[in-house]
Amino acid sequence: MSCKMNIAFLYIAEAYQCYHGASIALELAARPGVNVVSYYNDPETPRHLERIRMAYGTPPVAYRRLRRSPPTRLMQSIRILGMFKEMVMRDNASELDQYDAIFTLEDTVASARRLGIRRPKLIYSPHGFGDRARGFDARAAAFDFVLVAGDKSATRLLKSGLVTAADHAVIGPVKLEVSARLRVQHRPFFKHQRPTVLYNAHKAPRLTSWHKFIEPMLGQFGRQTRFNLIVAPHVKMFRRRSVSVRSMWEARSTDTIIIDTSSDRLMDMTYADAADIYVGDVSGQVYEFLAVPRPCVFLNARGVQWRDDPNFAHWHLGDVVDDPKDLLSAIGSAPERHDFYRARQEIFAKASLGDRSAGAAERGADAILDFMGRSASVR
């Protein structure tokens, strides 16, 4: 490798993570003396990276498909089983070990040292803003430097002893900045001008509201004339399902209901921007919606005792529904009850999203270069 600082951006998981990190790669690639290469596992990733690059108007950058051994290819061919991220890292360990730093949005990369990747500094940026403990996993301690959006994440990581004051930085919401760059004027989604409800179910099997609520929701919305509905679950919910399964669900869309299982709009905040009321369960995407405070309703499908549980802190930002029969009533009341929640939404959104002024990607690049400079000085 050359004498430049060489940084690998490692997209080891699905393409949706591009929206949380690609703009930092573009910012670093524009800095003198920095060489950036983006490695990807999901074959859909380059299209999303190019979409973001074109929105920023930057010169082309290098993308490389991660090598996959025959056993890895075989396992990945069984789509429903996933990306086999550790196997892919092992297949590419010798090449990745040549870099000065590896940036990732995926905590699986915490196993890099065990897999033989020892030379690079490991830099991690969690891909979300949520409250669940999953976002503050002990694996964060395996990274040399951590970037987070807001003070909420920084405080939880510090209190858990997973980071120190010196090895993390708070930079603001990269995804919101990217989404603003990508924002385009869409024709109206619905022919009837009514308030739009966004249903954003998470994929977590033990917490998702999908299985309990989706059929009652579709039935109730199909029989009313007050609202339009966008059903936009977490993009990974259907990522590993067949085209026929996704098409079956999307075919149930109507003039007043959109069901989307796979489009770019699940990733780039198009639906969050378009909606008037949020309905969800445990997805951190609620904070993307609350960048502009609006009414929310949360679905407790498993009888969770949530009130004193920090993993469900966002359920204090709207009414909580336990029974599907109460769903439409709660949604109908949400706008008039919003004044009760607005101030709390603003406080929580600020803590989760951090500094929303322009330049989150620039702040991320600055923090990485500062950390790398400090690391070099103590070698």
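Some notes on this structure:
- Entry for Rg/Rh (Cα atoms, Kirkwood Rh) (calculated from the structure that is shown) out of (1) 0.97; (2) 1.04; (3) 1.06: (1)
- Summary value for region 179-246: 40 percent relative contact order, contacts being C-alpha pairs under 8 angstrom separated by 6+ residues.
- Each of ALA30 and LYS159 was given a label point 7 Å from its Cα along the Cα-to-Cβ line. The distance between the two points is 3.7 nm.
- Dipole check for region 152-295: with +1 at the C-beta of Lys and Arg, -1 at the C-beta of Asp and Glu, and the Cα centre as origin, the magnitude is about 280 Debye.
- Taking the Cα centre of the chain as reference, the dipole from Cβ charges on Lys and Arg (+1) and Asp and Glu (-1) amounts to some 860 debye.
- Rolling a 1.4 Å probe over the protein heavy atoms leaves TRP249 with an accessible area of roughly 30 Å².
- Summed over qualifying helices (DSSP H, 4 residues or more, each -39500 (n - 2.57)) and divided by its residue number, the chain shows a 222 nm mean residue ellipticity of -10500 deg cm²/dmol.
- Charge dipole of region 119-219 about the Cα centre (unit charges at C-beta), most positive-ward option of LEU158, SER125, ALA140: SER125
- Positive minus negative residues near ASP355 (Lys, Arg vs Asp, Glu; Cβ under 12 Å): 0
- Surface analysis of the chain yields an accessible area of 44 Å² per residue, using protein heavy atoms and a 1.4 Å probe.
- Gyration tensor verdict on region 169-266 (Cα atoms; rounded if a/c is under 1.5, prolate if a/b is larger than b/c, oblate otherwise): oblate
- Between the Cα long axis of helix 327-353 and the first principal axis of the chain there is an angle of about 30°, rounded to the nearest 10.
- Cα-based Rg and Dmax for region 267-356, where Dmax is the largest Cα-Cα distance (Å): 12.6, 39
- Ordering GLY364, TYR278, ALA313 by the projection of their Cα atoms onto the charge dipole of the chain, which places +1 on the Cβ of Lys and Arg and -1 on the Cβ of Asp and Glu, puts GLY364 at the extreme positive end.
- Along the axis of the charge dipole computed for the chain (Cβ charges of +1 for Lys and Arg, -1 for Asp and Glu, origin at the Cα centre), the listed residues LEU229, MET5, ILE259 are led at the positive end by MET5.
- Seen against the Cα atoms of the chain and their longest principal axis, helix 360-377 is set at about 30 degrees.
- The shape of region 69-177 can be summarised by an equivalent ellipsoid whose semi-axes, obtained from the alpha carbon gyration tensor, come to 27, 17, 12 Å from longest to shortest.
- Dimensions of region 61-129 based on its C-alpha atoms, expressed as ranges along the principal axes with the largest first, amount to 32, 32, 29 Å.
- The simple spin-label model puts a point 7 Å past each Cα toward its Cβ; for ASP309 and THR254 those points are separated by 3.3 nm.
- Between the Cα long axis of helix 210-222 and the first principal axis of the chain there is an angle of about 50°, rounded to the nearest 10.
The values are calculated or read from the model by the stated rules, or taken from the named source; none is laboratory data. These numbers were taken from a predicted model, which means no experiment stands behind them. FYI the Cβ positions are ideal-geometry reconstructions off the backbone, even for glycines, and counts take in every protein chain you see. Please note that ligands, DNA and RNA were not included when accessible areas were found on the heavy atoms of the full protein model with its side chains. Shrake-Rupley method; radii C 1.70, N 1.55, O 1.52, S 1.80 Å.
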